[in-house]
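A short worksheet on the structure shown next.
What follows is calculated from the coordinates using simple rules that are stated; it is not laboratory data. What you see is a predicted model; the values in this text were computed from it and never measured. Note that we place each Cβ from the backbone using ideal geometry, even for glycine, and neighbour counts take in every protein chain shown.
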Amino acid sequence: MKKVFLALAAILLSSVLCLAGHDRIISPDKLPAAAKTFVQQNFPANTISYAKADKEFMKTTYEARLDDGTEIDFTGSGEWDKVDCKFKAVPAAIVPAAIAQYVASSFPGAVIVKIDKERYGYEVELNNDLELKFNKEGALLYVDD
C-alpha cells in the first residue's frame with residue numbers, strides 16, 4: 001500500500017511540474033496595465049509584435065517583443081524587469097541617474113543596450129559588449145568583459 005501511495009504521489013508531482021513554467025502566447029492587450037503603459041511611454045514609436053505569459057508554480061511573468069526586436073520582461077504586476085534593445089540605447093528614463101552618469105563619464109560614446117534588475121541592483125550591457133554590475137544605489141560592483 002505504501003508503494004502505491006508513493007507511486008501516485010510521484011505521478012501527481014511530475015504532472016504538476018510538467019504543467020508549471022510553460023510559456024504561452026497571449027494577445028498584447030492581455031498584458032498588465034502597467035506593462036502596456038510602460039511600452040506606450042518609453043517606446044511610443046513601436047508596437048508590440050507579440051506577448052507571452054509564463055505561468056510558473058506560484059507566479060506569472062510576462063514578456064513582450066516589439067516590432068523593432070526589443071524584448072521586455074515584466075513581473076506579474078507589470079513592472080519592467082529587463083529591457084533588451086539589442087543594438088540601440090534603452091530609454092534614458094528607465095536608467096537610474098547614478099548608472100547613466102557613470103557610463104557617460106567612464107565610457108564616452110558607449111550606450112546601454114540592455115538593463116536587467118537583479119536582487120543586488122542592476123546589470124547593464126553596453127554596445128561595446130561590456131557588462132557592468134551595480135548595486136541598488138548605482139555604485140559599480142564590477143565589470144565583466
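For segment 81-107 and segment 111-145, what is the separation of their Cα centres, given in Å?
Here the two parts' Cα centres lie 9 Å apart.
Give the cross-link partners of Lys52 among the lysines, using a straight C-alpha distance below 22 Å as the criterion and excluding same-chain residues fewer than 8 apart.
Those lysines meeting the cut-off are Lys30, Lys36, Lys82, Lys86, Lys114, Lys117.
On the Cα set of the chain, report Rg and Dmax in Å, please.
Just the Cα atoms of the chain yield Rg and Dmax of 19.3, 70 Å.
Which residues does a label at Arg24 reach in segment 47-79, if reach means a backbone N under 16 Å from a point 7 Å past the Cα toward the Cβ?
Those under the cut-off are 51-63.
Setting aside same-chain residues fewer than 8 positions from Lys55, which aspartates and glutamates have a Cα under 15 Å from its Cα?
Answer for Lys55, where 15 Å is the Cα cut-off: Asp23, Glu63, Asp73, listed by chain and number.
If you place +1 on the Cβ of every Lys and Arg and -1 on the Cβ of every Asp and Glu, how big does the dipole about the Cα centre of segment 2-144 come out, in debye to the nearest 20?
Dipole magnitude for segment 2-144 comes out near 640 debye.
When the convex hull of the Cα atoms of segment 34-88 is projected onto a plane and the area is averaged over all directions, what value comes out in nm²?
Over all viewing directions, segment 34-88 projects a mean Cα-hull area of 3.6 nm².
Can you give the FRET efficiency to the nearest 0.05 for Phe57 and Glu118, using r as the Cβ-Cβ distance and R₀ = 22 Å?
FRET efficiency, Phe57 to Glu118: 0.55.
Loop-only check: which chymotrypsin sites (Phe, Trp or Tyr not before Pro) in segment 28-72 are DSSP coil with at most 12 other Cβ within 10 angstrom?
Those that pass, being in a loop and sparsely packed, are Phe57.
Could you derive backbone 3J(HN,Hα) for segment 123-134 from the dihedral phi with the Karplus parameters 6.51, -1.76 and 1.60 (θ = phi - 60°), listing whole Hz in sequence and x where the residue is Gly or Pro?
Those phi angles translate into 10, 10, 10, 9, 6, 9, 6, 7, 10, 10, 10, 10 Hz.
Placing +1 on the Cβ of each Lys and Arg and -1 on the Cβ of each Asp and Glu in segment 2-144, which of Ser27, Cys85, Ser106 has its Cα farthest towards the positive end of the resulting dipole?
After comparing all options, I get Ser27.
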